[in-house]
Amino acid sequence: MYRYFLGMLILVWQAGWAIAEPFKIEQISGSLYRFVDDRHRSVFLVTPQGVVVTDPMNQKAATWLKKEIQTRFHLPVKYVIYSHNHADHIYGAEVFKEAHTVFIAHHLARQDIVSTKTKTVVPEVTFQDQMSLFLGEHEVQLRYHGPNDGRGSISMLFVKEETLFVVDWALVGRMPWKKLWSYDIVGTINSTHEVLQLDFKHFVGGHADIGTKPKLRRYFNYLQALHHAVVLGIQKGQTLEAMQKEIRLDEFKDFRQYEAWLPLNIEGVYERLIEESGMGWRPDLKTN
Ligand SMILES: [Zn+2]
């Protein structure tokens, strides 16, 4: 009996410990790791030439990550790369600010950080279309694919590790976020199509799961199917409510939140088509 209670006590203590610590580090491939902070994810690359950190997320997460990198690898952080301008991904960068650390972002992300007085480290190196970082035998390729979600949102390809990292506009294992609030839908479809041409085996999203290229292709197929279904509904003169009742994309019902977020995804695409694509003002269409 005593042993049983002791066992229970240890279990409760362990569970409590797990709840108190929302951060996690997982190895993806070789020297590349995924850093998880509750709903947010980033990656970091460990090389003898130094560590490449991507989104620092927030001060608490960045402080934890910096300490883990120091104690596990004993290497300095050489680069910090921002995926885009959104504060929930790039706050806390000041934790990594040292004389030997260079902060990198797309020039549109930097412009937004400066003009909106975002409270994070202003990147000192920017690029327009593409740039590469070389650390010994490792190469990190950064690419801009046009508008998709946020400002200056890029893809990061870790060549040797065959891993692609994209934040917000591409993910696997789950539906895209509710009403796709700040998505440029067609831009997101185009950007995802572009990254699918790259050479990688592993995909890490800034949210949701680690996946493979076929899984990312399914996400792309879903976005296309969703967009197509809503365009068709508008052309038929259907109301948003009718579309939310009728449109089913059950081929993708294994995506988490499929039932709950499909009507919201439909609403997001509908609003974007009516307002931004101007389908709401088309004389040949009957829109409500
Ligand atoms: Zn996000």
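Quick note: the coordinates plus some simple rules give every number you see, no bench work behind them. Small disclaimer: the values here were computed from a predicted structure and weren't measured. Cβ placement follows ideal geometry from the backbone for every residue including glycine, while neighbour counts extend to all protein chains displayed.
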Count the lysine pairs in region 15-168 whose Cα atoms sit under 24 Å apart, keeping only pairs 8 or more residues apart in sequence or on different chains.
22
Can you tell me the Rg and Dmax of region 150-278, counting just the alpha carbons, in angstroms?
14.8, 50
Quantify how much of the Cα-Cα distance distribution of the chain extends past 26 Å, in percent.
49
How much length is gained if the chain between residue 209 and residue 60 is pulled fully straight, taking 0.36 nm per residue apart and subtracting their Cα-Cα distance, in nm to one decimal?
51.4 nm
Using only the Cα atoms, what convex hull volume per residue in Å³ does region 15-168 have?
107
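How much length is gained on full extension from residue 126 to residue 24, taking 0.36 nm per residue of separation minus their Cα-Cα distance? List each step's numbers first, then the result.
Details: separation 102, 0.36 × 102 = 36.72 nm, distance 2.93 nm.
Separation in residues times 0.36 nm, less the Cα-Cα distance, equals 33.8 nm.
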So what's the back-of-envelope 222 nm ellipticity for the chain, counting only DSSP H runs of four-plus at -39500 (n - 2.57) apiece and dividing by all residues, rounded to 500?
-11000 deg cm²/dmol
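Quick one: compute the contact order of the chain, relative version, from alpha carbon pairs under 8 angstrom and 6+ residues apart, as a percent.
Numbers: 523 pairs, mean separation 36.7, N = 288.
Worked out over the chain, it gives 13 percent.
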Restricting to the chain, what percent of DSSP beta bridges are antiparallel, rounded to 5?
70
Mean separation of Cα contacts under 8 Å, 6 or more apart, over the residue count of region 15-168: relative contact order %
18
Please give, to one decimal in nm, the separation of the simple spin-label points placed at residue 190 and residue 259, each 7 Å out from Cα toward the Cβ.
3.7
Those lysines that a straight Cα-Cα span of less than 17 Å connects to residue 286, excepting residues fewer than 8 apart in one chain
236
Per 5 Å bin, what is the whole-percent P(r) computed from every C-alpha pair distance within region 135-215?
3, 16, 27, 26, 18, 7, 3, 1, 0
Could you work out how far the C-alpha centroid of region 264-288 sits from that of region 103-127, in angstrom?
33
I need to check one value: relative contact order of region 178-288, counting alpha carbon pairs closer than 8 Å and at least 6 residues apart, in percent.
35
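Computed over the Cα atoms of region 177-240, what is the ratio Rg over Rh, Rh following Kirkwood?
Values: Rg = 13.7 Å, Rh = 13.2 Å.
My calculation puts Rg/Rh at 1.04.
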Within a Gaussian network of the chain (alpha carbon springs, distance under 10 Å), most fluctuating of 147, 56, 176
147
Separation between the residue 134 and residue 36 pseudo-spin-labels, each 7 Å from Cα along Cα→Cβ, expressed in nm?
3.6
